[in-house]
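One structure is given below, encoded as structure tokens.
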Amino acid sequence: MKIVVFAGGVGSRLWPLSRKNTPKQFEKVIDDKSMLQIAVSKVFPDFDWGDIYISTNKQYEDILKKQFPQIPEENLIFEPALRDVGPAVGLMVANFIKKFPDEQIAILWGDHLIKKDEDFRKALKVAEKLSEDSPEKIIFIGQKPRFASVNLGYIEFGSEINKEGDTPIYEFKGFKYRPEESLAKSFLEDGKHAWNLGYFVTTPKFLWQLFEKFTPDLYEKLEQISASVESSEYERVLNEVYPTIEKISFDNAILEKLDPKNGMVLSVDIGWSDIGAWEALKEALAKSEDENVTKGKVELLDSKDSLVFNYNGQMAVGIDLEGMLVINTGDVLLVCPKTAVPKIKKYVESLKGTVNEGLA
């Protein structure tokens with residue numbers, strides 16, 4: 001099975017660490033590794049470097065090669081322009097349909113944190129076997145919800161249809177994106193919903209069929225690119241065609257149109273967290289709600305439930321902090337309560353077209 005990790009987002013909610021030229025997945029957020037390095041490390045030792053593919057924007061090529069010298073260059077898929085996740089997945093399939101159309105592929109994302117490595121790899125292996133038996137299905141891997149999140153999407157699943165070892169396999173029913181709090185609470189309690197991680201296993205051939213069926217205009221352009229794969233014309237065709245593709249999310253393009261009979265669900269506990277924002281990172285790393293999370297030279301006194309990341313060489317001291325975020329990158333100092341995280345993205349967006357845009 002091939003492991004495909006997508007790493008093309010900018011991550012404005014993790015500003016000022018994550019910026020246009022150095023997005024969050026390439027920054028050292030935990031220990032001395034980037035989020036992408038951590039994400040890729042979770043599939044070892046069950047998979048080899050030759051099995052790993054990374055899809056990202058062309059502008060991050062040098063960063064990617066520096067962080068992953070072990071990955072063969074032909075395993076790096078570069079988008080010449082940002083066209084959203086639908087075209088990004090389509091570009092991957094356009095490459096794979098020429099190389100190994102019937103081999104299982106696992107779609108993963110480069111800005112997530114997984115704490116239960118062995119359980120994660122076990123789920124991948126179960127999904128791989130299911131896909132081998134049913135190549136024209138998508139096997140979704142969902143996280144059993146730990147709390148009633150209103151910021152995540154959910155997968156609805158039905159009856160247990162089979163069992164692989166001690167892992168139940170469920171019918172796929174559909175998706176619900178960012179439910180209201182009352183609905184999220186019912187999802188937590190009913191045992192029929194999992195957090196939608198965007199992780200799934202299938203075959204390039206089946207995805208190619210779905211693009212042809214559901215997005216004919218996109219498929220036509222992907223076909224032009226695919227015809228040039230492994231030829232001297234690939235870069236020219238890619239650079240000419242890909243930027244003309246309309247932006248569309250993968251959910252809107254494919255998944256929301258998928259017939260439920262063409263899906264199966266694994267609802268597992270892999271200790272997953274989406275490190276898309278500072279408060280999510282704090283929740284993922286803290287052992288309790290009140291515990292502080294720090295990085296760099298930091299001293300906290302009479303403080304709780306706060307995250308202080310200091311990338312500056314100077315000492316950062318916090319007194320009587322509660323529920324606060326303090327991020328010091330040297331050129332920018334961000335201070336705000338955790339509840340203000342949505343405003344970070346709005347602030348970054350407000351910088352576009354101004355003299356301060358370079359700060360983003």
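The values are calculated or read from the model by the stated rules, or taken from the named source; none is laboratory data. All values derive from a computational prediction rather than experimental measurement. Cβ atoms come from the backbone with ideal geometry, glycine included; neighbour counts cover every protein chain shown.
What's the number of the only condition in (1) more than 29 Å from Ala94 (Cβ to Cβ); (2) surrounded by fewer than 22 Cβ atoms within 10 Å (Cβ to Cβ); (3) aromatic (Phe, Trp, Tyr) that Tyr234 fails to meet?
(1)
List the strands (runs of 3 or more DSSP E) inside region 236-322, counting only whole elements, that have at least 1 residues being of a type in the set (Lys, Arg).
Output list reads 293-295.
Considering only region 82-193, give the helices (runs of 4 or more DSSP H) lying wholly within it that have at least 2 residues that are modelled with pLDDT under 95 and small (Gly, Ala, Ser).
181-190
Which pairs turn up if I take residues in region 335-360 that are at pLDDT 80 or above and look for partners that are among the acidic types (Asp, Glu) with beta carbon separation below 9 Å, at least 6 apart in sequence or on another chain?
From region 335-360, the pairs are Pro337/Glu322; Lys338/Glu279; Lys338/Asp305; Thr339/Glu279; Val341/Glu279; Leu351/Glu357.
In the list Val332, Val298, which residue meets the criterion of being farther than 24 Å from Phe147 by Cα and touching a residue at least 24 places away in the same chain (Cβ under 8 Å)?
Residue meeting the stated conditions: Val332.
Pick out the one residue from Ser267, Ser228 that is small (Gly, Ala, Ser), over 25 Å from the mean Cα position of the chain (by Cα) and at pLDDT 95 or above. Step through it out loud before you land on a result.
On the way: Ser267 fails: over 25 Å from the mean Cα position of the chain (by Cα).
Only one candidate passes the filter, namely Ser228.
This table checks each residue for (1) crowded, with 22+ Cβ neighbours inside 10 Å; (2) over 19 Å from the mean Cα position of the chain (by Cα); (3) within 15 Å of Trp109 (Cβ to Cβ); (4) small (Gly, Ala, Ser).
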position	(1), (2), (3), (4)
Pro45	no, yes, no, no
Asp48	no, yes, no, no
Ile54	yes, no, yes, no
Lys58	no, no, no, no
Glu61	no, no, no, no
Gln67	no, no, no, no
Ala81	no, no, no, yes
Asp84	no, no, yes, no
Ala94	yes, yes, no, yes
